[in-house]
Amino acid sequence: REKIEVATDVLKLSFDTEGGSLVRTEFTRHADFVDTTKPFVLLDQSSSRVYVAQTGLIGGDFPTHKAAMKFSGERSLKDGQNELTLRFESDVQNGVKLVKTYTLQRGSYAIGVQHEVVNTGTAAVSPQLYLQLVRDGNKPAGESSFYSTFTGPAIYTDAKKYHKVEFSDIEKNKAEIDKTSPNGYVAMVQHYFASAWLLGEGINRENFVRKVDNNLYAVGMITPVADVAPGQSKTVSSQLFVGPQEEKKLEALAPGMELVKDYGWLTILAKPLYWLLD
């Protein structure tokens, strides 16, 4: 098990070779609220914070976010280079190998993530791919004591639009979400920053929120990988966003993404005011 440190012009990332998960993100252009000499950290896996992005396969004895993976690729974006590709490859498990490819772009907080399911066995397989964000239920450090902002999961679909889920509702098993849809995204939101998994339009998925452990919660989606014949492979493309809530950039990513910038009950005033200032 190894931590892989990777850097672009706007991000410093740490990946874990256990599952090829993203376990830490530093934003080099945004300072921490408490100690302004340090960069802001969103995702983290430490004694004080658990907030990670995980993926894997279910539907059989297949590689999950716990599978050991081998890393290959460059670790930093060089001058004149606009793209960085990272590859994590699992061992064969029950005839199936999972290959995760992350593509980082200069100046971007949106990461392309491809999952290739390779069938090395003798029978067809039909796994399902899950994409999830796992976070503790603690408020972000440095949050203002003068006003309260939402921290927690959010799900967007065309049918139900933007829907926030309180950690307390997950705890009580009272979360009401749009469980299936062919569009939308799942996100973890806090003041000024967000993370989100996005799948392409028309890809059917099952959305979920759940309690993982004591004070630990997940939001995610599951999508089927169509039958993979022996000797064949299938690829599912997705995006992982981890970054600041910059409205114009969020709008360009996917329908409804700008809604993670939550104005709450002040929306009716704040949206036009933001438009005017912009």
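Would a scan of the range 37-44 turn up a residue that is open to solvent by 50 Å² or more (accessible area, probe 1.4 Å), among the polar types (S, T, N, Q) and outside any loop (DSSP other than H, G, I, E, B)?
no
Identify, by number, the condition in (1) surrounded by 14 or more Cβ atoms within 10 Å (Cβ to Cβ); (2) at pLDDT 95 or above; (3) part of a loop (DSSP other than H, G, I, E, B) that residue 33 doesn't meet.
Status for residue 33: all satisfied but (2).
With the structure loaded, tell me whether residue 171 is modelled with pLDDT of 90 or more, within 24 Å of residue 112 (Cβ to Cβ) and of a type in the set (D, E, K, R) or whether it fails that test.
For residue 171, the condition - modelled with pLDDT of 90 or more, within 24 Å of residue 112 (Cβ to Cβ) and of a type in the set (D, E, K, R) - is not met.
Any residue at all in the range 57-69 that is of a type in the set (A, V, I, L, M), part of a strand (DSSP E or B), open to solvent by less than 20 Å² (accessible area, probe 1.4 Å) and under 21 Å from residue 192 (Cβ atoms)?
Looking through the range 57-69, none of the residues is of a type in the set (A, V, I, L, M), part of a strand (DSSP E or B), open to solvent by less than 20 Å² (accessible area, probe 1.4 Å) and under 21 Å from residue 192 (Cβ atoms).
Which one of these does residue 185 not meet: (1) in contact with a helix residue (DSSP H, G or I) (Cβ under 9 Å, 6 or more places away or on another chain); (2) open to solvent by 10 Å² or more (accessible area, probe 1.4 Å)?
(2)
Can you name the residue in the range 212-233 that is farther than 16 Å from residue 200 by Cα and outside any loop (DSSP other than H, G, I, E, B) and is also most open to solvent (accessible area, probe 1.4 Å) among such residues?
Checked the range 212-233; the qualifying residue most open to solvent (accessible area, probe 1.4 Å) is 213.
Looking only at residues in the range 188-211 that are open to solvent by less than 10 Å² (accessible area, probe 1.4 Å) and polar (S, T, N, Q), which one is nearest to residue 110 (Cα to Cα)?
That would be 195.
Might you let me know whether the range 77-86 holds any residue that is open to solvent by less than 30 Å² (accessible area, probe 1.4 Å), among the hydroxyl-bearing types (Ser, Thr, Tyr), modelled with pLDDT of 95 or more and not in a loop (DSSP other than H, G, I, E, B)?
There is no residue in the range 77-86 that is open to solvent by less than 30 Å² (accessible area, probe 1.4 Å), among the hydroxyl-bearing types (Ser, Thr, Tyr), modelled with pLDDT of 95 or more and not in a loop (DSSP other than H, G, I, E, B).
Yes or no: the range 258-272 includes at least one residue that is under 16 Å from the mean Cα position of the chain (by Cα), open to solvent by less than 60 Å² (accessible area, probe 1.4 Å) and under 25 Å from residue 65 (Cα atoms).
No - not one qualifying residue is present in the range 258-272.
With the structure loaded, tell me whether residue 103 is of a type in the set (Ser, Thr, Tyr), surrounded by 22 or more Cβ atoms within 10 Å (Cβ to Cβ) and under 21 Å from residue 246 (Cβ atoms) or whether it fails that test.
no
The values are calculated or read from the model by the stated rules, or taken from the named source; none is laboratory data. It should be emphasised that the depicted structure is a prediction, and the values quoted were computed from it without experimental measurement. Virtual Cβ from ideal backbone geometry, glycine too; neighbours counted across all protein chains shown. Areas reflect the complete protein model, heavy atoms only, side chains present, ligands, DNA and RNA absent. Shrake-Rupley method; radii C 1.70, N 1.55, O 1.52, S 1.80 Å.
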